[in-house]
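Structure first, then comments.
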Amino acid sequence: MLIARSIADLRQALAPYRHPAFVPTMGNLHDGHIALMRLAKPLGDVTVASIFVNRLQFLPHEDFDSYPRTWEADCAQLQAVGCDLLFAPREADLYPQPQTVKLHPDPALADRLEGQFRPGFFVGVGTVVLKLFACVLGKTGGTAVFGKKDYQQLMVIRQMVQQLALPIEIVAGETCRAADGLALSSRNGFLSLAERQEAVALPLALQQLARRWREARNPGPALEQQALDALRARGWQPDYLTVCRRADLQPATAQDAPGTLVALGAARLATTRLIDNLEF
Ligand code: PAF
């Protein structure tokens, strides 16, 4: 596996290829990332991963400084899964000057859910992903793979690619889960043993919300409120537990058909904020 630290080195390494398959990450890789790499592998003539902890997508009080950085282990895993090229720019390479040109995703999609509770998050994500796309896929186009775990992020990126006519195909990978059903996430590492056992209450709450929504004669916000109250009663601080239309992530109504919906949740357990979702 080649490692490119600068944009110039990356472009040189990519010169012989016509269709890179790209998996952007912030490192601290787990089986979910590795599954995305496996998905990417047959989709291009070179498999590229990036590791860059993007300051722009963290709010000032968030965990940018403590975000886990596990360089050696990440490289070993990428090597083992057959990654050809790792782009790991230093901050000064990707943001040599303050990034004043930014991507502002459609507020109708990006200012709700994660965007409501983490204002500016999708400006940071959109800006870095567009810049990573320019670096890795800018010359040839190609394929980029994102996980459904970050459902809204996936939709924001799809919309960006579509509306800016970028020559990039976006492929979605299913969420990888631990044996008890907790979605794999870099932030799971922040949980104590007791919190880790409790953490499965989030996917269970989404399953219950989806089941009740399917079974109700007139499903609506009261079911979401019940789900929020139940998590609060267990000591969580939920930001949202809600049912949306998959097509545009707008609130679902009783008229929306099952099979077109997604339940999404974000909640803090002690100091760790977890997100998850369930299509139904
Ligand atoms: O999902 C992530 O890890 C990040 O948001 C991404 C897409 C790599 C952008 O920093």
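No lab work stands behind these numbers, since they all come straight from the coordinates. Note that the structure is predicted; figures quoted are calculated from it, not measured. Ideal geometry is used to build each Cβ from the backbone, glycine not excepted, and the neighbour counts take in all protein chains shown.
Miscellaneous remarks
- The chain - Rg (one decimal) and Dmax (whole number), Cα, Å: 19.1, 60
- For the pair T253 and V200, a Förster radius of 22 Å applied to the C-beta separation gives a FRET efficiency near 0.15, rounded to the nearest 0.05.
- Beta-bridge orientation, the chain: approximately 45 percent antiparallel, per DSSP, counting only bridges with both partners inside.
- The alpha carbon convex hull volume per residue for segment 119-171 rounds to 69 Å³.
- Remark on segment 76-128: ratio of C-alpha radius of gyration to 2.2 N^0.38 Å is 1.56.
- Dividing the summed helix terms, -39500 (n - 2.57) for each DSSP H run of n ≥ 4, by the number of residues in the chain produces a 222 nm estimate of -11000 deg cm²/dmol to the nearest 500.
- Going by neighbour counts of Cβ atoms within 10 Å, the residues S50, S6, S66 line up, fewest first, as S66, S6, S50.
- Crossing angle, helix 221-233 versus the chain [Cα axis fit, 0-90 degrees, rounded to tens]: 80 degrees
- The Cβ shell under 11 Å around L2 holds other residues with a net charge of -1, Lys and Arg each +1, Asp and Glu each -1.
- Peptide packing for 241-252, 146-157 was compared via the average number of neighbouring C-beta atoms within 10 Å per residue; ordered from the highest value, the list is 146-157, 241-252.
- For the chain, a crude dipole built from +1 on the beta carbon of Lys and Arg and -1 on the beta carbon of Asp and Glu, taken about the Cα centre, is about 240 debye to the nearest 20.
- Exposure proxy ranking, count of Cβ atoms within 10 Å, fewest first, for T127, T253, T47: T253, T127, T47
- Gain upon complete extension [F117, A179; 0.36 nm per residue less C-alpha separation]: 19.4 nm
- Computed from label points 7 Å out along Cα-Cβ, the spacing between V101 and L193 is 5.3 nm.
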